[in-house]
Amino acid sequence: MHAAVMAGLTMIPAIIREMSDDDATIAMVDANIQREELLPSEKGFAFKMKMEAMKRQGKRTDLTSNQNGGRLETAEVVGNESGISPNQVRRYIRLTELIPELLDMVDAKRIQFTIAVEISYVPQNIQQWVYEYIRENGPIKPKQIEILRKYIKLEPMTQRKLIQIFNDS
């Protein structure tokens, strides 16, 4: 509407439909996901919103079956509609678990997508240390996050220990 006003239009064509909030969310995501220049974070939050809306609706995904004839899960439906795999949908959604500073780095292509997904499994207080390390030292490697995640399962993590892990690997 803002663009129409700026262009001097006094009328714009519109279709008004009665929709539930969840239907409106799904329609909005479907319309926005078509944009080519979507940032990884925008895709992640869009897919998350759509999947949550579909789950709240109790949308029947068993009406469409997968190759084996079984019921499709929500990530498969969203992926099929978006032209990507269900696992890729899940990866985008994992990005929403990152602290904002790391998410900004993903959008700016300062962190590789796959590394960012792995970082998303790290508790947010430790993500802050990861962010500080990257900011001060540059990119990290998948092996460094893999080692960090193993250490986190074994013992309490400190910032000093994180720096040691990253510097040694």
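Check every one of the helices (runs of 4 or more DSSP H) wholly within segment 106-169 and list those with 2 or more residues that are open to solvent by 90 Å² or more (accessible area, probe 1.4 Å), at pLDDT 95 or above and of a type in the set (Lys, Arg). Before you say what the answer is, go through the steps one by one.
Values: elements: 113-119, 124-137, 142-154, 159-168.
In segment 106-169, 142-154 are the helices (runs of 4 or more DSSP H) which contain 2 or more residues that are open to solvent by 90 Å² or more (accessible area, probe 1.4 Å), at pLDDT 95 or above and of a type in the set (Lys, Arg).
Among the residues of segment 131-164, count how many are closer than 20 Å to Ile93 by Cα and either free of Cβ contacts under 8 Å to residues at least 12 places away in the same chain or touching a helix residue (DSSP H, G or I) at 6+ places or on another chain (Cβ under 6 Å) (or both).
Qualifying residue count, segment 131-164: 3.
Residues in segment 131-158 that are hydroxyl-bearing (Ser, Thr, Tyr) and under 16 Å from Val106 (Cα atoms): how many? Give the steps one after another, and end with the answer.
From segment 131-158, those hydroxyl-bearing (Ser, Thr, Tyr) are 131, 133, 151, 158; that's our starting set.
With under 16 Å from Val106 (Cα atoms) added as a condition, the list becomes 131, 133.
So the answer is 2.
Yes/no matrix, rows are residues, columns are (1) of a type in the set (Ser, Thr, Tyr); (2) open to solvent by 90 Å² or more (accessible area, probe 1.4 Å); (3) modelled with pLDDT of 75 or more:
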{"site": "Asp21", "(1), (2), (3)": "no, yes, yes"}
{"site": "Thr25", "(1), (2), (3)": "yes, no, no"}
{"site": "Glu52", "(1), (2), (3)": "no, no, yes"}
{"site": "Ser65", "(1), (2), (3)": "yes, no, no"}
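For segment 4-13, check the following and say yes or no: at least one residue is closer than 30 Å to Pro123 by Cβ, open to solvent by 30 Å² or more (accessible area, probe 1.4 Å) and modelled with pLDDT of 85 or more. If you could, list the steps in order and put the result at the bottom.
Of the residues in segment 4-13, the ones closer than 30 Å to Pro123 by Cβ are none.
Checked segment 4-13: no residue is closer than 30 Å to Pro123 by Cβ, open to solvent by 30 Å² or more (accessible area, probe 1.4 Å) and modelled with pLDDT of 85 or more.
Please enumerate the residues belonging to segment 82-105 that are of a type in the set (A, V, I, L, M, F, W, C), over 24 Å from Ile147 (Cβ atoms) and open to solvent by 10 Å² or more (accessible area, probe 1.4 Å). Spell out the reasoning first.
Filtering segment 82-105 for residues of a type in the set (A, V, I, L, M, F, W, C) gives 84, 89, 93, 95, 98-99, 102-103, 105.
Remaining after also requiring over 24 Å from Ile147 (Cβ atoms): 84, 89, 93.
Hits for segment 82-105 are Ile84, Ile93.
The values are calculated or read from the model by the stated rules, or taken from the named source; none is laboratory data. Note that this is a predicted model, so its numbers are computed, not measured. Ideal geometry is used to build each Cβ from the backbone, glycine not excepted, and the neighbour counts take in all protein chains shown. Protein only, heavy atoms only, side chains kept; ligands, DNA and RNA dropped before computing areas. Shrake-Rupley method; radii C 1.70, N 1.55, O 1.52, S 1.80 Å.
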